[in-house]
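The values are calculated or read from the model by the stated rules, or taken from the named source; none is laboratory data. The shown structure was predicted, so the numbers you read here are calculated from the model rather than taken from an experiment. Positions of Cβ are backbone-derived with ideal geometry, glycine not excepted, and every protein chain shown enters the neighbour counts. For accessibility, only protein heavy atoms count, side chains too; no ligands or nucleic acids. Shrake-Rupley method; radii C 1.70, N 1.55, O 1.52, S 1.80 Å.
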Amino acid sequence: MILILFGPPAAGKGTQAARLKERHKVAHLSTGDMLRAAIAQGTEVGKRAKAIMDKGDLVPDEIVIGIIGDRIKDPDCKNGFILDGFPRTVNQAKALDELLKGRTLEVSVVIVIEVDEAALIKRVENRANEARAKGEPVRADDDPETFKKRLAVYKAETAPVLPYYDNQGKTKRVDGMKSIDEVTAQIEAVVKTAKPRKGWFG
Ligand code: ADP
């Protein structure tokens, strides 16, 4: 299964992806995590990405497309994978289709986690406060102003990816305002009933 978890920043994609990975034994590909790892390792990609990410902007398409193109060749992606935070632009979505076509695969389903904006802002404030309380560093892009920028970038660049997949009949919406367990249950219901497509079983 090639499943895309789609939604605004802080919608809960990472949390749900970890659960899907556990339950269905598929790889979890988070471009945000991969970029943060590149920054931590001080690679060329990391150096290019850091300032952009800290500002809440999008890293150039060619960088993230390159990262994903390499990653999906890894053996742990053979049984399928979950994409979290990718694609974030229509260009990335088109590039993904091309990458998969080359391997006679296609996206199985796009699960859209819907959460309203006020709730997202609250969540990020809480996440920052919890980190501070534990004496841990707060992610630079979780600063309130930067988070608002990320929301604006989501609306301008990422939301247009939705009609792209709507037109392919691949989107399924879940209510992300519910508890974490309830969101998981909605996602599992989608996974169960989703129509098998190329790439669904491997
Ligand atoms: P969240 O899960 O809170 O939305 P992520 O960890 O997915 O945040 O992403 C953090 C940042 O990494 C983004 O704001 C962006 O700068 C960069 N990034 C991650 N994925 C992509 C992508 N597919 N395209 C461009 N930039 C990306």
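Distances over 20 Å make up what percent of all Cα-Cα pairs in the chain?
Cα-Cα pairs in the chain separated by more than 20 Å: 57 percent.
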With 10 Å bins from 0: P(r) over the range 34-77, alpha-carbon pairs, percent: 28, 53, 17, 1
Cα-projected label distance for L100 with K155, points at 7 Å along beta-carbon direction, nm: 2.9 nm
Unit charges at the beta carbon, dipole of the chain: most positive-side option, L20, M1, G42: M1
Theoretical gain in end-to-end length, A131 to A40 [0.36 nm per residue, Cα-Cα removed]: 30.9 nm
Reach of K122 by Cα under 24 Å, taken over lysines that are not fewer than 8 positions away in the same chain: K13, K55, K134, K148, K149, K155, K178
Potential extension, E62-R173 segment - 0.36 nm per residue separation minus Cα distance: 37.1 nm
Solvent-accessible area, 1.4 Å probe, carbon plus sulfur percent, for the chain: 53 percent
Length-normalised contact order of the chain in % [C-alpha pairs under 8 Å, at least 6 apart]: 33 percent
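Based on DSSP H runs of at least 4 residues, each adding -39500 (n - 2.57), what is the mean residue ellipticity at 222 nm of the chain after dividing by all its residues, to the nearest 500 deg cm²/dmol?
Rounded to the nearest 500, the figure is -16000 deg cm²/dmol.
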